[in-house]
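J.: Provided herewith is a single structure, encoded as structure tokens, for subsequent inquiry.
Where a number appears in this text, it was derived from the coordinates with a stated rule and is not lab data. Note that this is a predicted model, so its numbers are computed, not measured. Because the Cβ atoms are built from the backbone with ideal geometry, glycine has one as well, and the counts that use them run over all protein chains shown.
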Amino acid sequence: MEKYIGANKWKWIEWNSEKMNQLPPSNNEDPVMTVWLKQVGKDKANSLRVTSLENGEKVINGSLIFQQSYTDENDYKIFHFFLTTNQLITVDLEITSLDRDNLNRQLARTNNAVEGFLLFLGELMNGMLVEIDQFEETLKTLIWNVRKRNEIGILELVYKRRHELLVCKNLLIPINEVKMAIDEINFPDSMDGEFFSCTSKRIERAQVLLNEYEHELDSLINLEEVISSHRGNEIMKTLTVMTTIFTPIMAYGSLWGMNFKNMPELNWHYGYIFSIVMILVSTALLYYFIKNKGWTGDLLKGKKKGSFFK
């Protein structure tokens, strides 16, 4: 589909990669466009090329992944583009979240193809910012869940959110690269316009938000590591103290469990009572010694609900 947009009637051509083979060959195609057309449909990853046509006009072409599933690596959407000052060619640009009527009204205000392409990038960023807002809600819930019920399932959610954040940043980096390439070429009448400014600010806002959320998740991960380390130390400490306290029972049990014939305690009339008293006294003295040294710490205190350590 080919149409002319705006007061200056810049050209926008929409193609589908599956139907491109049906297009009639053209003898007027520039070598740069010819190479790009051969590559379209083969690119399955982000790519960007800044070159010049035979007439010296600057051109940006490549492929851009604009949507990616958080769970399936192969579930993504990609479109291909060829951009000059007065012409924009897009292949497989299917952004279902866009309001076509509103988009057409905004496109009518653009002066050239670069502003039109910047408008598309701005709408992509707008959709990403909506997803970032949703991510913020889940992150807020996660932060409070860490305090309410700290367990292995929460740690799993922390790293799941961390992965989602990495996916978002992975989508944002090539979009920012395209914006930088447009800035590098310095297309006339585009760099100082509202479309470039709006798209740049949206990209910057998304970068700031993602970086801040990354710091929050890193803080959560560090907190989880500290809590896990503390609890591991408390468990080892508890096992050590319990083993030490019951040492007299095990020692006397082993001693009087021997089968030597000459064991005078076995013939004592009050030997059984004596052994019980000996075990209790030894255990109590050992417990008092450990308690007096402060080695039990908070082991005998119950954990408070909603507390990280107490």
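J.: Express the relative contact order of the chain as a whole percentage, based on alpha carbon pairs under 8 Å and six or more residues apart in sequence.
T.: The normalised contact order for the chain reaches 15 percent.
J.: By its C-alpha gyration tensor, with a ≥ b ≥ c as the square roots of the eigenvalues, how is region 95-217 shaped: rounded for a/c under 1.5, else prolate for a/b larger than b/c, else oblate?
T.: Note, shape of region 95-217 comes out prolate.
J.: How long, wide and thick is the chain, going by the Cα atoms along their three principal axes, in whole angstroms, largest first?
T.: That gives 117, 37, 31 Å along the principal axes, largest extent first.
J.: Ranking 57, 216 by Cβ neighbours within 10 Å, fewest first, what do you get?
T.: 57, 216
J.: Quick check on the chain: helices-only [θ] at 222 nm, where DSSP H runs of length 4 and up contribute -39,500 (n - 2.57) each and the sum goes over total residues. Nearest 500, please.
T.: -19500 deg cm²/dmol
J.: Could you pull out every residue, at least 5 positions away or on a different chain, whose amide H is within less than 5 Å of the one on residue 10? Hs are placed 1.01 Å off N in the peptide plane, and Pro or chain starts have none.
T.: 5
J.: Take the cross-link list 140/179; 77/140; 169/201; 58/201; 38/58; 42/169 and give me the ones stretching past 22 Å between alpha-carbons.
T.: Where the Cα-Cα span goes over 22 Å, the pairs concerned are 140/179; 77/140; 58/201; 42/169.
J.: Considering the chain as a Gaussian network with a 10 Å cut-off on Cα pairs, which listed residue, 102, 170, 292, attains the greatest mean-square fluctuation?
T.: Sorting by GNM fluctuation, first place goes to 292.
J.: So which trypsin sites (Lys or Arg not before Pro) in region 196-301 are both in a DSSP loop and have at most 12 other Cβ atoms within 10 Å of their Cβ?
T.: Loop-located and lightly packed - 261, 301.
J.: Return the distance in nm (one decimal) between the two label points of a simple spin-label model at residue 284 and residue 145, each offset 7 Å from Cα along Cα→Cβ.
T.: A separation of 5.0 nm, rounded to one decimal place.
J.: Roughly how many debye, to the nearest 20, is the charge dipole of region 190-299 about its Cα centre, given +1 on each Lys and Arg Cβ, -1 on each Asp and Glu Cβ, and no other charges?
T.: With Lys and Arg at +1 and Asp and Glu at -1, about 960 debye.
J.: In a Gaussian network model over the chain where Cα atoms closer than 10 Å are linked, find which of 120, 81, 289 has the largest mean-square fluctuation.
T.: Its mean-square fluctuation being the largest, the pick is 289.
J.: What is the fewest-to-most order of 63, 197 by other Cβ atoms lying within 10 Å of their Cβ?
T.: Result, fewest neighbours first: 197, 63.
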